[in-house]
Amino acid sequence: MIILGIETSCDETSAALVQDGRHVLTQIIASSAKELAEYGGVFPEVAARRQVECMIPVLERALTPSPSPHCGAERGVFSIAVTRGPGLLTSLLVGTTTARMLASAWHVPLIGVHHTLGHLSSTWLLPHECHADDMPAFPLLTLSVSGGHTDLWLRESHTKNTLIGRTRDDAAGEAFDKGATLLGLPYPGGPVLARLAEGGNPHFVEFPRPLHNEETCDFSFSGLKTSLKYAIRDRGGIEALSEIEKKDIAASFQEAICNHLVSGLEQALERHHQALEIHIVGGVSANKRLRSMCAERGIKIRLPQKLEYCTDNAAMIAAAGYFLYKEKGDAAFAEFTTEASVALDASM
Ligand code: KG4
Ligand code: ZN
């Protein structure tokens with residue numbers, strides 16, 4: 001069963017064909033990161049304008065070569081899954097409008113997918129060239145860490161998810177991005193900060209450990225950001241810092257964020273012994289230090305198999321659409337609205 005996924009919730013325009021919720025036949029991702037770098041971050045109107053330009057070429061490339069030589073529904077596409085929210089409304093509308101028109105022209109059903117459910121499904125994805133390996137097993141714990149959210153989910157099935165921890169303020173990716181801005185680094189901040197941190201001294205600045213007095217699976221990152229601001233100010237400001245000092249501060253800040261995330265994961269594991277697997281998904285799951293820290297602390301994690309499955313992509317939306325259909329049947333094709341802000345439970 002082949003599903004066409006479409007994702008346009010933030011600054012990416014992506015389309016993908018995924019078979020049986022796992023095998024990524026094709027995936028195209030166009031990013032407006034370069035244009036947005038000129039604005040120093042995501043600027044909704046710029047992102048949406050670029051998505052309008054990219055949507056059709058991205059779709060055309062994702063659909064070529066097509067799984068069958070015919071057009072429309074006969075291409076072999078069973079359904080179209082599209083991100084319905086949360087995200088930037090103007091950007092989301094580019095994807096949902098395109099998906100609605102295509103579904104109508106092809107006479108195939110449409111599945112509205114919550115962006116987070118897409119990330120939660122990304123650990124199922126297999127690159128086209130890979131043979132099926134072991135299937136993830138429920139119940140499992142997923143740490144979903146992106147620019148928009150930082151959540152811990154206990155998952156009993158694709159549609160039965162319990163939120164057991166969440167950030168009380170900034171998301172982890174947002175902390176990376178804001179930290180990068182304070183260090184004078186360009187957008188997109190997270191990966192640039194992570195690259196700068198490579199080889200730096202992670203103990204150069206000892207950052208506070210957020211919520212360490214509480215027994216909680218929640219997270220908080222805004223204090224770390226404020227501490228970073230003071231650490232830079234106390235050393236005479238960004239202009240006074242040497243390149244080595246910037247590297248060391250970046251490494252320390254990254255260490256503090258990863259430490260906080262892994263501690264939250266440890267708390268969750270202590271409380272939920274039934275979890276058979278631990279998954280980390282979302283843009284920040286691309287972070288190498290987060291991955292190595294889990295290994296150092298003996299936490300075996302399952303990650304998306306490619307870096308492009310960590311950050312926003314359409315394959316994860318197609319996978320989520322497939323699992324929604326498998327667990328809910330035709331109810332997965334229910335009418336949906338496009339929403340800038342929507343809870344995961346409200347959309348399943
Ligand atoms: O999942 P995603 O692509 O989009 C959202 O749904 O938000 O995540 C983007 C976030 C950004 O905040 C970005 O800075 C962060 O993920 N990110 C990283 C890395 N790659 C992406 N943060 C730290 N290290 C990375 N290597
Ligand atoms: Zn995302």
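Things to note:
- Residue match in the range 194-204 (condition: away from ligand 2 (no atom under 16 Å from the Cβ) and closer than 30 Å to GLU327 by Cβ): no
- Selected residue [farther than 15 Å from HIS115 by Cα, assigned to a helix (DSSP H, G or I) and either at pLDDT below 90 or touching a Gly at 6+ places or on another chain (Cβ under 9 Å) (or both)] from LEU36, LEU92: LEU36
- Only one entry in ILE278, ILE249 is touching a Leu at 6+ places or on another chain (Cβ under 8 Å), modelled with pLDDT of 95 or more, over 30 Å from SER157 (Cβ atoms) and among the β-branched types (Val, Ile, Thr), namely ILE249.
- Helices (runs of 4 or more DSSP H) enclosed by the range 202-320 - at least 2 residues per element that are within 16 Å of ligand 1 (Cβ to nearest atom) and surrounded by fewer than 17 Cβ atoms within 10 Å (Cβ to Cβ): 288-296
- Scan the range 179-193 for residues that are away from ligand 2 (no atom under 16 Å from the Cβ) and crowded, with 22+ Cβ neighbours inside 10 Å and the total you get is 3.
- Unmet criterion (only one of (1) buried (at least 21 other Cβ atoms within 10 Å of the Cβ); (2) part of a loop (DSSP other than H, G, I, E, B); (3) within 16 Å of ligand 1 (Cβ to nearest atom); (4) modelled with pLDDT of 95 or more) for HIS158: (3)
- Subset of the range 111-122 [under 15 Å from VAL18 (Cβ atoms) and either more than 14 Å from ligand 2 (Cβ to nearest atom) or part of a strand (DSSP E or B) (or both)]: ILE111, VAL113
The values are calculated or read from the model by the stated rules, or taken from the named source; none is laboratory data. None of the values given here were measured: they were computed from a predicted structure. Here the Cβ is made from the backbone with ideal geometry for all residues, glycine too, and neighbour counts use every protein chain on show.
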